[in-house]
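Here is the structure we will look at.
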Amino acid sequence: MTLFRTSLAAFAAIMIGAFSAASLSPAHAAGGGTKPPAHDWSFDGPFGTFDRAQLQRGYKVYREVCSACHGMSLMRFRNLSQKGGPEFTEAQVRALAADFKISDGPNEQGEMFERPGRPSDGFPKPFPNEQAARAANGGAYPLDLSVIAKARNYERGFPLFLLDIITQYQEGGPDYVKALLTGYEDPPKGVELLPGQNWNKYMAGNIIGMPNMLNDGQVEYPKGPDGKSPVPETAKQYAADVVAFLMWSAEPHMEQRKSIGRQVFIFLLLFAGLLYFTKKRIWSRLPEHAPGAAH
Ligand code: HEC
């Protein structure tokens, strides 16, 4: 009986912990906008992994579209070849880095100079400082995207947040960013937007300084053997791909974390079995119906 009661108490404690963790306000709730639809990501759930080809395409979208305004200050080019990420080859990373001009120096004349990027360089910033970035974007600040996929989230509400504990839903950030990128609409009648303002269904307060940046056919994807891209070259696909890339940059060791989690889970199951049989063995020395004997 005691064992039953203790396990019941432990179970209750875990559930209370999980509920309060799930109902805490997320890092930055994107409240005020429409709830984003859940996308079917390759990295969903305890067995989810990144799709390498998708991460590689996502980098291309970031490079050709987003990097004009948004920096990713936590990323180095060499990260692009690390395990668990897009896994570009080292030669590819050298070429991708060399595609950027990096300001270096000073040289012997005391002047800064530009040189092609190297794998050890960080992703360059599009603007020298926040003021310059705001001045170029009508006062709005294009924030750093290194960890945006984890820094944004939204309230799931009852009863979804209960279900999320079981399904281990953790993709609120990626779902929001993907929806945001394709969520531009005409403002409702009677709403006047100022120059530089745009209407987005999913943005908190609906008014956003970033214009719609993704259009069908805008980024050319690598072709398969039949001369066609294996995925459609559409705004929706670009959004999913760039968000998968941003999710990886926000959590580069996600695959490792999930794999360790699974191993710990199996270990705990085996250990629980072992404890159960050990307990049985120890208590078996007592006669069946002696007072205090466990059932
Ligand atoms: C022309 C410049 C420009 C480009 C290109 C651009 N953005 Fe933005 N972005 C902005 C600005 C400005 C803001 C700030 C908007 C605001 O605060 O109203 C912003 C905000 C954001 C936000 C934050 C929204 C929030 O919840 O606060 C995300 C996420 C984002 N951009 C992602 C992207 C991605 C991904 C791309 C590439 C597909 C991209 N942006 C391309 C200018 C740009």
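A short reminder: the numbers here are calculations on the coordinates, not readings from a lab. Note that the structure is predicted; figures quoted are calculated from it, not measured. Glycine gets a Cβ as well: all are built from the backbone with ideal geometry, and neighbour counts include every protein chain shown.
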The chain: longest segment with zero exposed GluC sites (Glu not before Pro), where exposed means DSSP loop plus at most 10 other C-beta atoms within 10 Å, is residues 1-107
Quick query: amide H of Asp104 versus all other amide H atoms, modeled in the peptide plane; which residues come in under 5 Å with a sequence gap of 5 or more or a different chain? Phe113, Glu114, Arg115
Any chance you could run the full-extension gain for Lys201 through Ala272? It's 0.36 nm times the residue separation minus the Cα-Cα distance, nm to one decimal. 20.7 nm
Taking the chain, the whole-percent share of alpha-carbon pairs separated by over 32 angstrom is 42 percent
In debye, nearest 20, what is the charge dipole magnitude of the chain about its Cα centre with +1 on Lys and Arg Cβ and -1 on Asp and Glu Cβ, if you could check? 1260 debye
Estimated FRET transfer efficiency (Phe161, His39; beta-carbon r; R0 22 Å; 0.05): 0.75
Among the trypsin sites (Lys or Arg not before Pro) in region 34-138, which ones are in a DSSP loop with at most 13 other Cβ atoms within 10 Å of the Cβ? Mind listing them? Lys83
What residues have an amide H closer than 5 Å to that of Asn153, excluding those fewer than 5 places away on the same chain, when H is modeled at 1.01 Å from N in the peptide plane? His28, Ala30
Note, region 261-271: 3J(HN,Hα) by Karplus (6.51, -1.76, 1.60, θ = phi - 60°), whole Hz, Gly/Pro = x, goes x, 5, 5, 4, 4, 5, 4, 5, 4, 4, 5
Across region 114-129, in residue order, what do the Karplus-derived ³J(HN,Hα) couplings come to in whole Hz, using 6.51 cos²θ - 1.76 cosθ + 1.60 with θ = phi - 60° and x for Gly and Pro? 9, 9, x, x, 10, x, 7, 6, x, 4, x, 7, x, 10, x, 7
Theoretical FRET efficiency, 1/(1+(r/R0)^6), r = Cβ-Cβ of Phe265 and Glu64, R0 41 Å, to 0.05: 0.50
Lys, Arg +1 and Asp, Glu -1 on Cβ, resulting dipole of region 74-225 about Cα centre, debye, nearest 20: 240 debye
Acute angle (nearest 10 degrees) that the helix 52-64 long axis makes with the longest principal axis of the chain, alpha-carbon atoms: 30 degrees
For the pair Arg76 and Arg52, how long in nm is the line joining their label points, each one 7 Å along Cα→Cβ? 2.2 nm
